[in-house]
């Protein structure tokens, strides 16, 4: 009689199905959701004071630089196009275009911060400070919080761009770039809410 073990057919290994959402993407979604709740609270606070005020801004406070900020908004929107180009480049293995697009995105992000910082310096010189009025306090808390997030995103962009220059990303391995792009889209999209709320309303 043949050995029963010799007749046994080995079963093929069953591979675990890939998760619908990777852990990295899930973590970024959670971060963005938490940041969204933070800004929802800040925007709610801004609206409470805005709707309760008889004059907004107060007559003795300087007006916000609408034209310059509108141009700066276009700069930020332009950075989303270059970021999208970087993502498309890495997915097709085009390292040269990836590096150029990522570098341009970083430059546009830095330019946005520089222009915004210049605006704040001028506003402070004209009397709009955190302590000058509730209008000034709300402006700097809300827009300043967004500026801090842009600074974090730009720093992340600079690191990601440096990694791209070193060839760290491939068509099959670029999760870090995708997460950076998601966060950048978030801060840019958030500005599209804050700009009309604070500068136009």
Original post:
Going by alpha carbons, how many degrees (0 to 90, nearest 10) lie between the helix axis of 134-165 and the longest principal axis of the chain?
Top reply: 40
**OP:** Using just the helices of the chain, give the 222 nm mean residue ellipticity in deg cm²/dmol: DSSP H runs with n ≥ 4 each add -39,500 (n - 2.57), and the total is spread over all residues, rounded to 500.
**Re:** -25500 deg cm²/dmol
Original post:
What are the principal axis extents of the Cα atoms in the stretch 110-166, in Å, biggest first?
Top reply: 49, 17, 11
Subject >> Rg/Rh ratio calculated on Cα atoms of the stretch 35-83 (Kirkwood radius) >> reply: 1.12
Original post:
With the contact rule set at Cα under 8 Å and sequence spacing of 6 or more, what percent relative contact order holds for the chain?
Top reply: 27
Subject >> Where the Cα pairs of the stretch 55-174 fall when distances are cut into 5 Å bins, in % >> reply: 2, 11, 18, 18, 14, 11, 9, 7, 5, 4, 2, 0
Original post:
In degrees between 0 and 90, to the nearest 10, how far off the longest principal axis of the chain does helix 23-52 point, with axes built from Cα atoms?
Top reply: 20
Subject >> Largest to smallest principal axis extent of the C-alpha atoms in the chain, angstrom >> reply: 103, 39, 21
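At a threshold of 8 angstrom on Cα-Cα distance, excluding pairs fewer than six apart, so keeping six or more, what relative contact order does the stretch 97-201 reach in percent?
Computed value for the stretch 97-201: 33 percent relative contact order.
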**OP:** Choose one answer from 34, 52, 101: the residue with the largest mean-square fluctuation in a GNM of the chain with alpha-carbon springs under 10 Å.
**Re:** 52
Original post:
Cα axis of helix 66-91 to longest principal axis of the chain: angle in degrees, 0 to 90, nearest 10?
Top reply: 10
**OP:** Report the residue, chosen from 181, 164, 27, that carries the largest GNM mean-square fluctuation when the chain is represented by alpha-carbon nodes joined by springs under 10 Å.
**Re:** 27
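We did not get these values from a lab; they are worked out from the coordinates using the rules stated. Only a predicted model underlies this, so the values are computations on that prediction, with no experimental measurement involved.
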